[in-house]
Every structure is written in C-alpha cells, then in structure tokens.
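Notes for the one structure printed next.
The values are calculated or read from the model by the stated rules, or taken from the named source; none is laboratory data. These numbers were taken from a predicted model, which means no experiment stands behind them. Every residue, glycine among them, receives a Cβ derived from its backbone with ideal geometry; neighbour counts consider all protein chains shown. The protein model used for the area step is the full one, side chains on, heavy atoms only, and it has no ligands, DNA or RNA in it. Shrake-Rupley method; radii C 1.70, N 1.55, O 1.52, S 1.80 Å.
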Amino acid sequence: MDIRIKIKFFSQHTDFFLLSVYFPSNHDLNSHLQLIDDFLSQNIDTPDIVSGDFNSSHTLWNSTFDTPRL
C-alpha cells in the first residue's frame, strides 16, 4: 500500500491534507495502517481527510458478507 495522492489545501480558515489510499484485499492491514499513522503523526497540526479504496465489505453497506479485516 502506498499513499497515492497527498494534497495540501490552503485556505483563509485552515490548511488540510487530503489523502487517497488503496488497501489491497489480500494483504495484511498493519503495514498499511502504519504508513497512514506515520504520515498523520508527522503532520499532527494539520487536519486530514483520508479516503480511498479500503477493499472491505460489510452488511451495513448492502454486502451479503462482512470482510474480517482486523
């Protein structure tokens, strides 16, 4: 996994990062989550929005099964 897009937005009121990530469905989440945690820890004073393809299914999202990711 890598953070595909990191964009820092600047405005009058606040700056923030928008991250787009991809989690492959057949990989362990720990290393992926560590990359995100490292980035967020390095930018602790800047708000962040994390979005992307997390390759997860859940019945709450109209799937017929839940993906046991954690």
(request) Pop a pseudo-label 7 angstrom from the Cα along the beta-carbon direction at both Asp15 and Trp61 and give the gap in nm to one decimal. (result) 3.2
(request) Give me the angle, in degrees from 0 to 90, between the Cα long axis of helix 29-42 and the longest principal axis of the Cα atoms of the chain, rounded to the nearest 10. (result) 10
(message) Over all directions, the average projected area of the alpha-carbon convex hull for the chain comes to how many nm²?
(response) 5.7
(request) Please give the per residue accessible area of the chain, computed with a probe of 1.4 Å over protein heavy atoms only, in Å². (result) 76
(message) I'd like the carbon and sulfur percentage of the solvent accessible area for the chain, probe radius 1.4 Å, heavy atoms only, ligands and nucleic acids excluded.
(response) 54
(request) Please work out how much length the chain gains when fully extended from Lys6 to Tyr22, using 0.36 nm per residue of separation minus the C-alpha to C-alpha distance, in nm with one decimal. (result) 4.5 nm
